[in-house]
1. Quick one: in the range 134-165, which of the residues that are assigned to a strand (DSSP E or B), of a type in the set (A, V, I, L, M) and within 27 Å of the chain's Cα centre (by Cα) is nearest to Pro38 (Cα to Cα)?
2. Say whether the condition of being modelled with pLDDT of 55 or more and either exposed (fewer than 12 other Cβ atoms within 10 Å of the Cβ) or closer than 20 Å to Thr143 by Cα (or both) is met by at least one residue in the range 76-84.
3. Taking the residues in the range 160-169 that are charged (D, E, K, R) and touching a residue at least 12 places away in the same chain (Cβ under 8 Å) as candidates, determine which candidate is surrounded by the fewest Cβ atoms within 10 Å (Cβ to Cβ).
4. Among the residues of the range 34-90, which ones are on the phi > 0 side of the Ramachandran plot and part of a loop (DSSP other than H, G, I, E, B)?
5. So, of the residues in the range 43-58 that are within 18 Å of the chain's Cα centre (by Cα) and closer than 19 Å to Phe92 by Cβ, which turns out to be surrounded by the fewest Cβ atoms within 10 Å (Cβ to Cβ)?
6. Out of all the residues in the range 112-127, is one or more under 30 Å from Ala37 (Cα atoms), modelled with pLDDT under 95 and exposed (fewer than 13 other Cβ atoms within 10 Å of the Cβ)?
7. Looking at the range 55-67, I want the residues that are under 13 Å from Thr99 (Cβ atoms) and have a partner that is modelled with pLDDT of 95 or more and of a type in the set (Phe, Trp, Tyr) with Cβ atoms under 6 Å, at least 6 apart or on another chain. Which pairs are those?
8. Could you check how many residues of the range 139-159 are under 23 Å from Tyr105 (Cα atoms) and surrounded by fewer than 20 Cβ atoms within 10 Å (Cβ to Cβ)?
Amino acid sequence: MIRLNPISRLSATLGARALCLGLVVCLTGCMTPTPYAPRQEGERTGYTDRSLTQNRYRVTFTGNSATPRETVETYLLLRAAEVTRAAGYSSFVFDTRNTRANQTYDTVPYGPPDPYFGVRRGFGYWGGYGFAYDPMVDVVVHTNYEAYAEIVLLTPDQAAKEPRAVNATEVIGRVGPEAAPKPTHT
C-alpha cells in the first residue's frame, strides 16, 4: 500500500477539487436559458395556459436554473398578452400573480478515497486534530423560477375604466422581439 505524506495528500486533494470544480463550471457553462416556447409533454420548462372561464385564464412560465427571474416574469407577461390577443381581446388585468423560486441541491464528490483507515481527516493519531469527518463533497444549489398568473380579459370599455389594464398589443410589440429565438452562428 502506498502511503502519502500530508503534503502529497493535500496536493492530491486540491488537484482533484480543482478538476471537479472545473468540470462543474464547464457543464454549467453549457446550459442556456429556457427559450420562449410551450412546455412539451414530460418537460419542466416553458409556458402553459389554461382557460378557466370565458374571460379568465391561468398562465405560467417555468425557466431552468440558467434563466433569470426577470426573464421568467417577462415571458409570463408576453404569454398573457398572446393569450389575450388569441381570445379576441385587446387588454387584460392580472388578478393574481406570483413568482416562486424552486431550489434543488446536488452533491459533487471530490478528491480520491482516503488511503488510510476510514474517512478520518486532520493531523495526529487517527485524525485527532482538525475535522474528524470530511464528507469530500461540495453542495451545489440550483435555483429555477416559476411565474404564474390568473388574468382577466377586458373589453375596450372595461379597459378604459380599469387603471391596471395592460394593452396586449403594446406588450407583444415591446417584449415579443426580445423573446424571439436568436439566430445561431455556425
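The values are calculated or read from the model by the stated rules, or taken from the named source; none is laboratory data. All figures in this text were calculated on a predicted structure; none of them were measured in a lab. All Cβ positions, glycine included, derive from the backbone under ideal geometry; neighbour counts span all protein chains shown.
1. Of the range 134-165, the ones assigned to a strand (DSSP E or B) are 137-154.
Filter once more, so that each one left must be of a type in the set (A, V, I, L, M): 137, 139-141, 147, 149, 151-154.
Next, only the ones that are within 27 Å of the chain's Cα centre (by Cα) stay: 137, 139-141, 147, 149, 151.
Values: Val137: 36, Val139: 32, Val140: 28, Val141: 26, Ala147: 14, Ala149: 16, Ile151: 18 Å.
Per the stated criteria, the residue is Ala147.
2. yes
3. Restricting attention to the range 160-169, the residues satisfying the condition of being charged (D, E, K, R) are 161-162, 164.
Right, trim to touching a residue at least 12 places away in the same chain (Cβ under 8 Å) and you get 162, 164.
Working: Glu162: 14, Arg164: 11.
Of everything passing the filter in the range 160-169, Arg164 is surrounded by the fewest Cβ atoms within 10 Å (Cβ to Cβ).
4. First pass over the range 34-90, keeping only residues on the phi > 0 side of the Ramachandran plot: 42, 46, 88.
Gly42, Gly88, listed by residue number.
5. Taking the range 43-58 first, the residues within 18 Å of the chain's Cα centre (by Cα) are 43-48.
Among the residues that remain, those that are also closer than 19 Å to Phe92 by Cβ are: 47-48.
Numbers: Tyr47: 22, Thr48: 13.
Once the filter is applied, the top-ranked residue is Thr48.
6. Just the residues of the range 112-127 that are under 30 Å from Ala37 (Cα atoms), to begin with: none.
No, because not a single residue in the range 112-127 is under 30 Å from Ala37 (Cα atoms), modelled with pLDDT under 95 and exposed (fewer than 13 other Cβ atoms within 10 Å of the Cβ).
7. Here the result reads Thr60/Tyr148; Phe61/Tyr47; Phe61/Tyr75; Gly63/Tyr145, each pair linking the range 55-67 to a residue that is modelled with pLDDT of 95 or more and of a type in the set (Phe, Trp, Tyr).
8. The initial filter retains those residues of the range 139-159 that are under 23 Å from Tyr105 (Cα atoms), namely 139-147.
So of that shortlist, the ones also surrounded by fewer than 20 Cβ atoms within 10 Å (Cβ to Cβ) come out as 139-143, 146.
Number of matching residues: 6.
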